Each structure stands twice: as C-alpha cells, then as structure tokens.
Amino acid sequence: MTEQRPSRATEAFFGRRKGKALRERQAEGMASLLPALKLDLQSPAPASLAELFPDEVKQLRLEIGFGGGEHLVHRAQEIPQTGFIGVEPFVNSMAKLLSRVEDLGLRNVRVYDDDATQVLDWLPEGSIDHIDLLYPDPWPKRKHWKRRFVSQVNLQRFHRVLKPGGLFCFASDIDTYVNWTLQHCRDHGGFDWQAVQSSDWLTPFANWPGTRYENKARREGRSSAYLTFRKA
C-alpha cells in the first residue's frame, strides 16, 4: 500500500521545543546570529545552494536534528569546503550550536529552527551531497512509530534532494529503529545499503566525534549501529 503524504499538522517528529532558560549570551546569540544564519524559506532557494555561504563551498551537507551540535561543529571544522545546513527545533540546542559557531568563527554553517520537512520541500532537486540523521527520537512506543522521521514520505524527500550517488547516514542505539530504517530503505528501493559485513554497521563513521546521546547509550549498556545508504 502506498504511504499517503501526511498533512503538515501530523508531521510532529519532535517533542518539546524548549528546556531551561537560556543564559544571557545564548539569548543574545539567538537574537542576533540566528536571523543571520537562518534559511529564509519564504524566498525561493537559490539555483546553487553554494550562494547561501560567504565562502566557496564544493559540497552541501544537511544534518537533521543536530542535538548538542557536536557532530555538525566537528564536521564543519574538519571540511571547511563543505557547506552545512543544520536543522534543530529545540531552542536550547540551537543556542548551544550558535555559540560554538560564533566562538570558532565558522563560515560554512546555515541553520533552520523548525520542521526539517519544510527545508526538504524547499531544497532544489539533486542539490545535497550528504544527509545525516543521527540518533533521532526513536518514539519507542508502537502507537508513536508514525512520528519516526524515517518514513516512505521522508525517504522520498531525501531521494529527491540528494545528488546522484549522494549519501544518507543514519545512527541509532535503538534496535527497533535500526531495523525499521533498514526495512523502509529496502522497501523504498532508491537507497543501496553500503554494508558488506557486520563491522560496516558496528563501526562508527570515519572520523566520528561521538555525541552526548551516544555516550548516554553506552553508559546505559546499549551499542549503536551506523548505517550508510547511497542514492541508487
């Protein structure tokens, strides 16, 4: 059965939007830096997304739900010739990332602080080299599985915006979500899982910095899986 595209009102892939009160410097960053770096979805996307960045970039990478921002910041420093778009609706996480971007003087980061599907629908077809979905909310209760970000609808969004041969990388410590993602990518038919042997999904991605979510999982005795899919 074809999965119907849900209305915007049902696309609630994230929970709460805000935690504890922001520190003064974080609040200032949200007031000044967020407007400067936030994507303007009210205007058409530029023909070349490289125009979003002040310096020349050779590749474009999208990270959905960057959490504490450890991975995004690490990659932005590691490969400054890549332009990064980070999406995170949680206010405290966005404030933390913006502070790091300012401290490090990163010029290859743009952000969006709401529903990632809005960004995916705004992006031009075949414009992104790499999509990261790392430790997304697993929505462990069966009745909430429809809120998992990996779905046929969103995989089709990924497939549309990825360049030919583009990568989709997924990491999770929740076995049911790992299996869910493998099954959905198989059923979609447009993504080739790159694993050949078990070490390929048990070994972190190259130059992996780790995240606080991953550290929490390990403390609680859960291992992680790292899945890489290539657009077919």
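What the table below lists for this structure:
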{"item": "Some residue of the stretch 104-126 being farther than 21 Å from I85 by Cα and not charged (D, E, K, R)", "result": "no"}
{"item": "Out of R148, R212, R230, R160, sole residue that is modelled with pLDDT under 95, among the charged types (D, E, K, R) and either on the phi < 0 side of the Ramachandran plot or surrounded by 14 or more Cβ atoms within 10 Å (Cβ to Cβ) (or both)", "result": "R212"}
{"item": "Residue satisfying condition, being in contact (Cβ under 8 Å) with a residue 24 or more places away in the chain, part of a loop (DSSP other than H, G, I, E, B), over 21 Å from R148 (Cβ atoms) and not charged (D, E, K, R), within set P89, P80", "result": "P80"}
{"item": "Any strands (runs of 3 or more DSSP E) falling wholly within the stretch 147-232 and containing at least 2 residues that are closer than 16 Å to L62 by Cα", "result": "162-172, 225-231"}
{"item": "Yes/no for P138 being under 19 Å from G210 (Cα atoms), modelled with pLDDT under 95 and surrounded by 17 or more Cβ atoms within 10 Å (Cβ to Cβ)", "result": "yes"}
{"item": "Any hit, the stretch 196-206, residues being open to solvent by less than 80 Å² (accessible area, probe 1.4 Å), touching a residue at least 60 places away in the same chain (Cβ under 8 Å) and out of contact with any Lys or Arg (no Cβ under 9 Å at 6 or more places or on another chain)", "result": "no"}
{"item": "In the stretch 77-123, residue farthest from N207 (Cα to Cα) [restricted to those that are among the aliphatic types (A, V, I, L, M) and open to solvent by 40 Å² or more (accessible area, probe 1.4 Å)]", "result": "L104"}
{"item": "Boolean, A95 is more than 21 Å from R160 (Cα to Cα), free of Cβ contacts under 8 Å to residues at least 60 places away in the same chain, part of a helix (DSSP H, G or I) and not hydroxyl-bearing (S, T, Y)", "result": "no"}
{"item": "Failed item, numbered, when L182 is tested on (1) under 14 Å from the mean Cα position of the chain (by Cα); (2) of a type in the set (A, V, I, L, M); (3) open to solvent by 30 Å² or more (accessible area, probe 1.4 Å)", "result": "(1)"}
{"item": "Residues located in the stretch 98-131, provided they are touching a strand residue (DSSP E or B) at 6+ places or on another chain (Cβ under 8 Å), in a helix (DSSP H, G or I) and polar (S, T, N, Q)", "result": "Q118"}
{"item": "Subset of the stretch 92-130 [farther than 19 Å from R147 by Cβ and hydrophobic (A, V, I, L, M, F, W, C)]", "result": "M94, A95, L97, L98, V101, L104, L106, V109, V111, W122, L123, I128"}
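Okay, residues lined up against (1) assigned to a loop (DSSP other than H, G, I, E, B); (2) modelled with pLDDT of 95 or more; (3) not hydroxyl-bearing (S, T, Y):
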| position | (1), (2), (3) |
| --- | --- |
| Q26 | no, no, yes |
| A47 | yes, no, yes |
| V57 | yes, yes, yes |
| L60 | no, yes, yes |
| A76 | no, yes, yes |
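Results for (1) under 29 Å from S48 (Cβ atoms); (2) touching a Leu at 6+ places or on another chain (Cβ under 8 Å), shown as yes or no for each residue.
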position	(1), (2)
F149	yes, yes
H159	yes, no
L162	yes, no
G165	yes, no
C169	yes, yes
D173	no, no
Y177	no, no
L182	no, yes
D192	yes, no
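The values are calculated or read from the model by the stated rules, or taken from the named source; none is laboratory data. None of these values were measured; they are calculated from a predicted model. Neighbour counts are summed over all protein chains in view; Cβ atoms, including those assigned to glycine, are modelled from backbone coordinates with ideal geometry. Calculation scope for accessible area: heavy atoms of the full protein, side chains included, ligands and nucleic acids excluded. Shrake-Rupley method; radii C 1.70, N 1.55, O 1.52, S 1.80 Å.
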